[in-house]
1. Using the Karplus equation 6.51 cos²θ - 1.76 cosθ + 1.60 (θ = phi - 60°), what ³J(HN,Hα) coupling, rounded to whole Hz, does each residue of region 499-508 give in order, writing x for Gly and Pro?
2. Using the Cα atoms of the chain, I'd like the radius of gyration and the largest Cα-Cα distance, Dmax, both in angstrom.
3. Using unit Cβ charges (K, R positive; D, E negative) and no other charged atoms, how large, in debye to the nearest 20, is the dipole of the chain about its Cα centre?
4. Explain nothing, just compute: Karplus ³J(HN,Hα) = 6.51 cos²θ - 1.76 cosθ + 1.60, θ = phi - 60°, for every residue of region 447-456 in order, whole Hz, x for Gly and Pro.
5. Can you tell me the alpha carbon radius of gyration of region 349-395 divided by the globular rule-of-thumb value 2.2 N^0.38 Å?
6. Calculate the FRET efficiency for residue 79 and residue 153 from the Cβ-Cβ distance with a Förster distance of 30 Å, rounded to the nearest 0.05.
7. Need the full-extension length gain, residue 166 to residue 339, defined as separation in residues times 0.36 nm minus the C-alpha distance. One decimal, nm.
8. On full extension of the chain, what length is gained from residue 425 through residue 177, given 0.36 nm per residue of separation minus the C-alpha to C-alpha distance?
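The values are calculated or read from the model by the stated rules, or taken from the named source; none is laboratory data. If you're wondering where the values come from, they're calculated on a predicted model, not measured in any experiment. Cβ coordinates were reconstructed from backbone atoms using ideal geometry, including for glycine residues, and neighbour counts include every protein chain displayed. Keep in mind that these areas ignore ligands, DNA and RNA; they rest on the heavy atoms of the full protein, side chains included. Shrake-Rupley method; radii C 1.70, N 1.55, O 1.52, S 1.80 Å.
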Amino acid sequence: MRSLALLALSSTAALAAAFAPGSLLQPSISSRSNSRPSARKSTILDEPTFTSEDAKRQVGNDAFLNQNLMARAENGPGIKNKESLSIGIVGAGLAGMIAAMDLADAGHKVEIFEVRPFVGGKVSSWKDKNGNHIEMGLHVFFGCYYNLFGIMKRTGGFDKNLRIKEHVHTFVNEGGKLGALDFRFPIGAPVAGLQAFARTEQLDLEDKFHNAVRLGTSPIVRALIDFDGGMDMVRELDDISFTEWFTYWGGKRGSLDRMWDAIAYALGFLDCDSISARCMLTIFMLFAIRTEASVLRMLDGSPQSGLHDPILKYLEDRNVKIHLKTPVRDVVHDLDAETGLPTRVRGLKVGPKEEFREFDVVVAATDVPGIKKLLPETFRKYEFFDKIYNLDTVPIATVQVRFDGWVTEIQDEARMMDVSGDQSDGRAAGIDNLLYSVDTEFSCFADLALTSPGEYYKPGEGSLIQAVFDERAFSRSNDQLVEDCIKQLHNIFPSSRKLNCTWSSVVKLGQALYREKPGQDKFRPKQATPIPNFFMAGSYTYQDYLDSMEGATRSGLMVADEIIARADGPKGLKAQAQQVKVA
């Protein structure tokens, strides 16, 4: 109890500082340049605004922890437009598919074009020739993914396709030593979080003290009393790194090295020196305010079966057409005769023959590399579009390795070696949860045969470890990555040296994830654009859940709400399309 009292005392003593002006809470960093390359500015209004009240409800402080958004996502738009639009969506990731759900429900004719042979975007999965499920990353559902949970309830996948985990975030260290943030406590947030940090084995007493001082002077403390003020302060911290913020008033390197770096890598595949303070503090704000935010869920099987297939069934039932292996070659558009600025999108050129497809509305639901390739050069005359090219990306490599025993079982060697009988449905040995490590190059990992057994458990076989390597290891060969993964697993689970690897896979994503480094928020675009019938969706577009599945979901819902709000009336999107055709 001594460390818990120490944490509470230091946090209380620093409470006043949490309400200090922002200039006192962040250092003046003269060595970092935040200047933006000059853009070719347009001569007309460049920054679009939302007209839909539902879209507005997805942004800002009121939307941050709004559980009512789950009901909106579950029930759909609740509106049937009088006019039916033809809508082309570029990209069949979460954002594009979820936008299509609402638009189809509102009575519109929707087609989706996807360059890959499968849907899902960054949450994709597929089968290899031997029936093994391959993933692009490790996907975890935080308890505050209200919109995404609403979508899963709407498609019938929430109750049967998600497995809730113990309310513990476990760190696995060299030699098999475990540390944890154990949020299980009779009293919820923020008390549950305070005691979790106070009791964690991951930090020594000195680091706990300095950790408490820094968090006690953070916007999180202010948010417990004044949420709007605290959240506004978090957004103002986008221009400095988490390390700069953390060490300015008391945080020490030990805490960063032994705990925060693993969390930073898990969130954005960057260390604390490189990730934005706004990104990290956004997550801590969620954990501090809502108990369920730090509760983790994982799919009972692959993303394709557990998440995408129910959405695809929903879309097919509403006659949404999805064209796989169909790249979009060009966005056909009109230009203003005097300014040369794009004024309207006419449609898309798609497929190997560049077939022209006319649409009343086009939605670009891509990742960062995708939008940079898709946008015509003339669009960059708008600063709105030009600033997107300042967004950077980070590479990752997802490694899957299967063993002939249970890697994360560290207590019972006989149990570790036993793969006999039926050990499906999470009955296998080991740790059934997402795991972190600061002693490996994969900061987060899990045994999918245990955490997501539906399609990953195989009778007579053991663990299927899925680990995500960041750019520190990305350039290595696939064989080297597998070798390094196994070696590092043996380092943190010494008993696993007695097990043999029976299968492996490596998937590299070179550019898909946007780099959540300091200063990026100002380059993230809104979903509505200066071109009235062209919209954008994707987790990189602006919303508070950053580059996440919930962020992608929110962006798709916002686009749909805005199109639905603009569809009807004498100046609506349909009327505009008809006027162009007459002209």
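1. Each residue of region 499-508 in turn: 9, 10, 7, 10, 6, 8, 8, 9, 10, 9 Hz.
2. 24.3, 78
3. About 1040 debye.
4. Couplings: 8, 5, 5, 9, 7, 9, x, x, 10, 9 Hz.
5. Dividing the Cα radius of gyration by 2.2 N^0.38 Å gives 1.33.
6. Step by step, r from the Cβ atoms, then E = 0.95.
7. Between residue 166 and residue 339, full extension yields 56.4 nm more.
8. Going from the current span to full extension adds 86.6 nm.
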